[in-house]
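See structure below.
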2 protein chains.
Amino acid sequence: MAGNTDALDRPVVALVMAGGTGTRLYPASRSDRPKQFLSLGGVSGDDSLLQQTVSRVGFADEVYVSTGADHAERVRRDVPEAGVLVEPAAKDTGPALVYAAHRIREQVGECVLLCVPSDHLVAGAFESAAETALRGAVETEGLVAFGVEPSRPATGYGYIEPTDTESEWAEIEQFREKPDAETARRFVEQGFYWNAGLFAWTPESLLREARDSPLAPLVEALDESDPERGFRAVEAVSIDYAVMERTDDAYVVPADFEWDDVGAWDAIERVVERDDDGNAVLGDALLLDAEDNVVAADEETHVSTVGVEGLVVAAYDDRVLVVPKDDAQRVREVVAKLRERGLF
Amino acid sequence: MAGNTDALDRPVVALVMAGGTGTRLYPASRSDRPKQFLSLGGVSGDDSLLQQTVSRVGFADEVYVSTGADHAERVRRDVPEAGVLVEPAAKDTGPALVYAAHRIREQVGECVLLCVPSDHLVAGAFESAAETALRGAVETEGLVAFGVEPSRPATGYGYIEPTDTESEWAEIEQFREKPDAETARRFVEQGFYWNAGLFAWTPESLLREARDSPLAPLVEALDESDPERGFRAVEAVSIDYAVMERTDDAYVVPADFEWDDVGAWDAIERVVERDDDGNAVLGDALLLDAEDNVVAADEETHVSTVGVEGLVVAAYDDRVLVVPKDDAQRVREVVAKLRERGLF
């Protein structure tokens with residue numbers, strides 16, 4: 001496959017986005033230990049999600065990791081093979097990706113970017129899909145999203161409606177918000193893809209589209225070498241809202257690799273083998289008459305349960321979280337309260 | 001009140017029984033930190049249950065604590081005002097109480113014993129009830145149990161059926177096993193008492209009755225100054241089974257103090273003030289949309305819950321327990337499994 005990306009007329013630069021926190025995996029994730037630094041108890045080896053991601057894009061000519069100042073040192077230590085871009089402020093993926101494109105163009109020159117979150121799990125034919133997306137980005141001069149073929153009618157992901165499903169890449173008809181259960185079933189039947197938050201584009205293409213978006217003040221400030229002003233001038237916004245959903249030059253490349261954003265604790269039962277009672281366990285635990293739970297603990301902690309069903313029990317360091325699996329998204333609310341109290 | 005016990009013709013010796021573990025309060029209780037050493041997060045001050053108990057019997061002329069060899073040092077440190085009796089083996093309350101009676105008779109001579117568990121919570125008029133029980137023990141030359149007036153139809157306690165409820169002390173008609181809910185309601189209506197595991201007797205009375213019980217080989221060996229042989233010769237057995245339920249000389253003294261054995265985690269909601277949502281919380285916790293839970297954590301640990309109901313969540317040191325309140329007794333099973341694995 002490396003041969004295929006070599007065939008491109010410019011270098012491939014992988015950009016690993018490591019600016020987030022992954023709050024819904026609290027207490028495994030904490031302000032001082034964002035999700036990308038977790039190995040999730042060895043779901044796929046002892047490497048952290050960040051290390052796994054950097055390995056996965058190792059076919060690129062260069063690899064950069066974009067992160068906040070607080071975590072730059074840790075990134076340098078964990079993935080010394082990657083360059084580090086320090087985001088002037090944490091303002092979601094929109095500003096971060098525009099800033100990275102601008103900086104990488106300065107440092108590398110003409111290239112094509114493969115932008116990947118640092119905290120997802122991926123298995124299977126990633127490189128071939130990436131190669132197609134990169135070629136698409138160069139040939140269309142547009143913005144290419146990866147569209148993961150759904151394995152279930154998930155309500156927790158956004159969907160991408162393609163104009164056709166036969167081409168190597170297709171124009172995007174429409175981005176679809178996270179659907180309810182019924183709509184999700186229809187989306188899957190209609191051949192829509194999951195929006196996995198992975199993208200390919202050239203710096204020129206992204207900056208061109210960003211100039212025609214709420215991120216225009218940032219691009220302008222970057223052109224004037226004043227990133228701080230640029231970040232002050234824009235709101236925190238995802239690249240989807242700010243650019244992808246607005247542009248007419250958005251494409252999707254079908255990706256048939258296995259993908260999970262491990263967004264919340266209920267994801268654990270999708271990514272580890274469950275026991276005979278349907279429990280997904282990371283770490284050391286004793287479960288008696290317990291069914292369909294997610295139990296996760298660090299190496300120092302031991303969890304015991306009796307007679308519980310459908311719960312998440314997560315114990316890391318000196319923190320414990322208990323929440324029904326169906327409410328796993330509500331861990332956001334816990335983290336918001338803990339932040340207020342200076343406890344996150 | 002001290003005046004009343006002074007009026008007895010012999011010294012009062014309080015015997016605090018501290019040989020148990022309190023396994024159902026795991027993980028607060030552990031093999032190296034039995035329940036009597038817990039303060040339960042200050043339910044009634046920062047003193048441990050043992051320290052509270054020794055204070056409570058401070059009106060006695062002498063105080064002894066009976067415990068296992070593993071914990072003797074800790075007892076000496078925590079309650080230096082008490083003498084320590086080291087049980088040759090952990091064989092439940094029957095052998096422990098017979099051994100203590102024999103030893104105390106050797107050391108103190110003629111006296112009357114007030115035998116109290118070290119790990120219960122008591123509030124209110126304890127001393128006056130104790131004084132009555134001690135007088136009863138001397139005057140009847142029998143074995144006197146405290147009968148706590150029930151505040152609810154508890155199914156977790158044994159009951160005592162008195163021959164009458166008007167006297168200062170009454171002969172016991174019958175001991176009743178832990179009842180089902182319907183039977184418990186009837187017991188309460190009929191004026192039965194809770195068997196609180198508190199007793200008064202003279203050493204002579206107890207040893208006399210023990211000689212006519214399964215504990216006879218122990219008494220005999222003690223008379224021959226061979227306690228180790230005595231403990232080897234008897235099974236682990238409670239004083240209730242071995243002696244109280246067999247003798248014709250058992251009496252009950254009604255006790256109107258508040259009493260709770262804090263036997264399992266569901267007890268916590270009886271002994272701490274609950275929040276507006278019915279949650280009983282020991283320690284620092286964040287509860288969102290959570291009702292009727294018991295949450296207990298040590299000072300180093302923080303528990304968060306969202307959307308859970310009727311659960312016990314207990315987190316101490318590096319251990320976490322989650323169990324429905326209704327299954328709080330099943331913590332025994334957890335501890336049995338943990339013991340098998342050397343983890344208790």
Between the alpha carbon centres of segment B:111-156 and segment A:126-160 the gap in Å comes to 75
With Cα coordinates, the longest principal axis of chain B makes an angle with the long axis of helix B:331-340, in degrees rounded to 10, of 80
With -39,500 (n - 2.57) per DSSP H segment of 4 or more residues and division by the full residue count of chain A, the 222 nm estimate, nearest 500 deg cm²/dmol, is -8000 deg cm²/dmol
Between chains B and A, the summed loss of accessible surface on complex formation, probed at 1.4 Å and reported to the nearest 100 square angstrom, is 2600
Taking protein heavy atoms only, a 1.4 Å probe, and rounding to whole percent, the accessible area of the protein assembly as shown owed to carbon and sulfur comes out at 40
About its Cα centre, the protein assembly as shown carries a charge dipole, from +1 on Lys and Arg Cβ atoms and -1 on Asp and Glu Cβ atoms, whose size in debye to the nearest 20 is 940
Using alpha carbon centers only, segment B:89-110 is separated from segment A:285-344 by a whole-angstrom value of 46
Here the relative contact order (percent) of segment A:137-244, from C-alpha pairs under 8 Å and at least 6 apart, is 29
Looking only at lysines whose Cα falls under 24 Å of B:Lys91's and that sit 8 or more positions away or on another chain, we get B:Lys35, B:Lys178, B:Lys337
Here the averaged projected area of the protein assembly as shown, based on the convex hull of its alpha-carbon atoms and given in nm², is 35.6
A student asked for the Cα radius of gyration and Dmax of chain B in angstrom ought to give 20.2, 64
at A:Asp46 the sorted inter-copy label distances (label 7 Å from Cα on Cβ side), in nanometres, are 4.2
per DSSP, antiparallel bridges as share of beta bridges in segment A:265-340, % nearest 5, sits at 30
For A:Gly109, inter-copy label-point distances (7 Å, Cα→Cβ), nm, shortest first, read 10.7
One computes Rg over Rh for segment B:18-78 from alpha-carbon atoms, with the Kirkwood Rh, and obtains 0.96
Going residue by residue through segment A:180-189, the Karplus relation 6.51 cos²θ - 1.76 cosθ + 1.60 with θ = phi - 60° gives ³J(HN,Hα) values, rounded to whole Hz and with x marking Gly or Pro, of 6, 4, 5, 5, 4, 4, 5, 4, 5, 4
Rounded to one decimal in Å, the inverse mean reciprocal Cα-Cα distance for segment A:265-340, i.e. its Kirkwood radius, is 12.6
homo-copy label distances at A:Ala336 (7 angstrom along Cα-Cβ), nm, one dp, ascending, are 4.5
One point scatterer per Cα, no solvent, Debye formula: log10 I(q)/I(0) for segment B:211-344 at q = 0.22 Å⁻¹ comes out as -1.22
Computed over all unlike Cα pairs, the Kirkwood hydrodynamic radius of segment A:119-241 in Å stands at 16.1
For chain A, percent of DSSP beta bridges that are antiparallel (nearest 5) comes out at 40
Quick calc, chain B, dipole around Cα centre from Cβ unit charges on Lys, Arg (+) and Asp, Glu (-), nearest 20 debye, gives 1040
For segment A:67-183, the per residue accessible area (1.4 Å probe, Å²) is 41
The helix A:93-108 Cα axis meets the longest alpha-carbon principal axis of chain A at an angle in degrees, between 0 and 90 and rounded to 10, of 50
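The values are calculated or read from the model by the stated rules, or taken from the named source; none is laboratory data. This is a predicted model, so every value here is computed, not measured. In this analysis, Cβ positions are derived from the backbone assuming ideal geometry, glycine residues included, and neighbour counts consider all displayed protein chains. When the accessible area is computed, the model is the full protein with side chains, heavy atoms only, and any ligands, DNA or RNA have been set aside. Shrake-Rupley method; radii C 1.70, N 1.55, O 1.52, S 1.80 Å.
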